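What follows is calculated from the coordinates using simple rules that are stated; it is not laboratory data. Everything numeric here is computed off the predicted structure, so don't read it as measured data. For neighbour counting, all protein chains shown are included, and Cβ atoms are generated from backbone atoms with ideal geometry for every residue, glycine included.
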Amino acid sequence: RQGGRLRITVQLIGTKDGFQLWSGSYDLEGGVVIQVQEQLARAVATNLELRLTPTVDARFADRHGTSPRAYSSYLLARHHQRQLTREDNERAIEVYRAAIVEDPAFSLAKVGLAHALLNQRYFSNRSIEEIEKEAGTLLTSVAGANPDLPDLYIARGALATSQACELALQL
């Protein structure tokens, strides 16, 4: 990093012989890291002679949303969520909400928020029924817009598991 510019050098090394198969350098202005990630992934795929179908290519583009600020917030929220403390989980919820305000169609941020809400069952006395209202709405909206998103299945599984555990405790 030098001032507002960022230089990234990527090397693809063969695991069998350690020889360099491909390399590339990218100079960027600050704030366009999302586009660079996609550029790099596409360059590596091309140099591996992988061909992305239009469907796979569209899914790849959907993962980052449309706003660099929303994506940055999403990454920060994931960081907090993975700390597994009450304070960090609450901070993750705040930051996921900010990402969704910035990009209301950002499916990963909605799923992340749903999962962080579900985590509240470990850190508070909120019932799963109360949490499910908001988390379920978020997951339903993502299922309508992006039904093949793997993260959606993980969050739905967490919700179903929580519901089953709550039901078992009531028996």
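Quick notes
- Legend: calculated FRET efficiency, Asn47 to Arg82, from the Cβ-Cβ distance at R0 = 30 Å, rounded to 0.05, equals 0.40.
- The local environment of Arg121, defined by Cβ-Cβ distances under 12 Å, has a net charge of -2 under the rule Lys, Arg +1 and Asp, Glu -1.
- Nitroxide proxy distance, nm - points 7 Å out along Cα→Cβ at Arg126 and Arg7: 4.7 nm
- Inter-label distance, nm, simple model (7 Å from Cα along the C-beta direction), Gln163/Glu134: 1.9 nm
- Packing-based ranking, highest mean first, of 15-24, 151-160, 123-132, 100-109 given that Cβ atoms within 10 Å are counted: 100-109, 151-160, 123-132, 15-24
- Rough spin-label spacing in nm, given labels placed 7 Å along Cα→Cβ, for Gln39 and Leu171: 5.7 nm
- Summing Cβ point charges (Lys, Arg +1; Asp, Glu -1) relative to the Cα centre of region 64-171 gives a dipole of roughly 160 debye.
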